[in-house]
Amino acid sequence: MHTSSHIQSSTVLLPQAGALSNQPVARVAGQSMVEFALVVGVVFLLLFAGLMALQRILTSYTVQQAADAATNRAALIGGDDPVRDSVVNEAALVIASGPGMQASDAAVDITCADPCRRYSAITVDVTYTGAYWIPIGPFQDLTVAARATRSSEQDRLPTTAALRPTRTPTPTATPMPTATPTATGTPQPTATPTRTPTPLPTATPVPADLRVYGSGSVAWFDPTSYSVNFRVVNQGASVAENVRVVTTLPAGVTGERFIGDYRNRVSVSGRTITWDMGTIPPGTSSGWAMLIVTVNPQRTITFVGVGSTTSLEPNLSNNTGSRTLP
């Protein structure tokens, strides 16, 4: 008896390699790229916004420092200085020290009563308009304004004509009367007394009168860097010749550097510094003798400048100016 078995075979078709895996992998990769692009965009937006905020903070601090420095200068001279623009130059010097800032982008407005008297309120407005380091959309221009107010320390200087004293007019001598002829045989009349001419008054010498001002500030980017400035005003009615300002550096002050109007007319002997300011006409002021030094560690120091002239100057009470920093 034969037994036969029939085995039925079945064929199972398997999908091709990668047919099931390629499609999910591509979908995951595309999703990752979209998420990465979204995250990177947010990160860069936050980074740029932080840089713009940092620039605005630094610019606001610098503009306020410029307003304070210009107000201090205006208070010392009794208002604006249209001849030398020393108030505007003081603000420009601070603006130029700011990060990425240009002095030409700032505008300075000085306000005081007319006439500007001692203890009058002097207000200085400084407006700075520049560009953001990284402009984004509507944030293209950076505008910052600051204001500072201080009382004036003196009246506005009068003009040269007002400073010159009026000379007393010389009296005209009275002419001598003619003697009356003597008549023949007639008794001689008594001669009329001759009037004595009034003597001419002696001209009083016109003196000069120097006044020394000291100012300065501490650099915001380096608290050990001090800027010290001296200026001389001739308040007298005569020319002041061979004007000099001398200062002696206190102990611990090093690394002096000279800027300003007299950086090429300064001599150093040990710790004594002398600026040669030349001739100062009456009713005008000199330029600025400016000195930058290092005080490390930072501490309070008073810098003193003493002015002198070879011209006649009886009043020496105003010849010393000082500035205490910080």
Being at pLDDT 90 or above, surrounded by 12 or more Cβ atoms within 10 Å (Cβ to Cβ) and either outside the structural domain of ILE57 (by TED's automatic domain parsing) or in a loop (DSSP other than H, G, I, E, B) (or both) narrows it down to one of ARG244, ARG257, ARG263, so name that one. ARG244
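Conditions (1) assigned to a helix (DSSP H, G or I); (2) over 30 Å from GLN235 (Cβ atoms); (3) of a type in the set (D, E, K, R); (4) at pLDDT 85 or above, marked per residue:
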residue: ALA26; (1), (2), (3), (4): yes, yes, no, no
residue: ALA49; (1), (2), (3), (4): yes, yes, no, yes
residue: LEU54; (1), (2), (3), (4): yes, yes, no, yes
residue: THR59; (1), (2), (3), (4): yes, yes, no, yes
residue: VAL63; (1), (2), (3), (4): yes, yes, no, yes
residue: VAL87; (1), (2), (3), (4): yes, no, no, yes
Determine whether ALA91 is in contact (Cβ under 8 Å) with a residue 24 or more places away in the chain, touching a helix residue (DSSP H, G or I) at 6+ places or on another chain (Cβ under 6 Å), in a helix (DSSP H, G or I) and within 25 Å of THR324 (Cβ to Cβ). yes
If you scan region 299-326, which residues turn out to be part of a strand (DSSP E or B), within 28 Å of GLN65 (Cα to Cα) and not basic (Lys, Arg)? ILE301, THR302, PHE303, VAL304, GLY305, VAL306, THR320, GLY321, SER322, THR324, LEU325
Under 6 Å by Cβ, and 6 or more places apart or on different chains, what pairs join a residue from region 190-207 that is more than 30 Å from PRO314 (Cα to Cα) with one that is among the hydrophobic types (A, V, I, L, M, F, W, C) and part of a loop (DSSP other than H, G, I, E, B)? THR194/MET176; PRO197/ALA173
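The values are calculated or read from the model by the stated rules, or taken from the named source; none is laboratory data. No experiment lies behind these values; they were computed from the predicted model shown. Quick reminder, even Gly has a Cβ in these numbers, built from the backbone with ideal geometry, and neighbours come from all protein chains shown.
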